[in-house]
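Okay, structure first, notes after.
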Amino acid sequence: MVNPSGAMTTISIRVTGKVQGVYYRQFCKEMALELGIKGTVNNEVDGSVRLIATGNPDQLDKLISLCKKGPPRARVEEVQWTECELRSYDDFTILR
């Protein structure tokens with residue numbers, strides 16, 4: 001569970017498996033916007049996907065659960081997340 005205090009929190013999420021070339025970043029963006037989360041998502045050179053997400057603990061817990069499923073063509077092997085310094089974003093964007 002993310003920071004149970006209820007305060008806005010920023011987490012870094014790393015997703016491994018077959019997560020590039022399967023619309024995973026677009027899926028993350030759509031889910032984040034639906035949940036009211038702001039941040040970024042990008043492909044990493046090692047084949048993983050990295051999200052930086054700011055929201056309340058309930059929103060972030062839901063996002064982590066959705067990341068574990070991914071879009072239909074993805075095969076998620078592992079989702080790791082860590083809390084990081086609070087960051088402020090205007091939107092949720094895909095970094096290229």
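The values are calculated or read from the model by the stated rules, or taken from the named source; none is laboratory data. Everything numeric here is computed off the predicted structure, so don't read it as measured data. Remember, those area values only see protein heavy atoms, side chains included, never the ligands or the DNA or RNA. Shrake-Rupley method; radii C 1.70, N 1.55, O 1.52, S 1.80 Å.
Laid out as a table, the results:
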| item | result |
| --- | --- |
| Where the chain is the region considered: accessible area per residue in Å², 1.4 Å probe | 57 Å² |
| At q = 0.11, 0.18 Å⁻¹, base-10 log of I(q)/I(0) for the stretch 15-96 (Debye sum, equal scatterers on each alpha carbon) | -0.24, -0.67 |
| Span from the the stretch 15-41 Cα centroid across to the the stretch 43-96 one, whole angstrom | 6 Å |
| Accessible-area order (highest first, 1.4 angstrom probe) of the listed residues 65, 5, 48 | 5, 65, 48 |
| Amide hydrogen neighbours beyond the local backbone of residue 92, cut-off 5 Å, H modeled | 39 |
| Under 17 Å from the Cα of residue 18 - lysines, other chains or at least 8 residues apart | 68, 69 |
| Table column - 3J(HN,Hα) (Hz), the stretch 58-66, Karplus curve with 6.51, -1.76, 1.60, x for Gly and Pro | 5, 4, 5, 4, 5, 5, 4, 4, 5 |
| Residue 84 long-range amide H proximity, modeled H, under 5 Å | 10, 11, 12 |
| Probe 1.4 Å - accessible area at residue 52, Å² to nearest ten | 20 Å² |
| Rounded tilt (10° steps) of 24-35 against the dominant C-alpha axis of the chain | 30 degrees |
| Per-residue [θ]222 nm for the chain (sum of -39500 (n - 2.57) over DSSP H runs n ≥ 4, rounded to 500) | -8000 deg cm²/dmol |
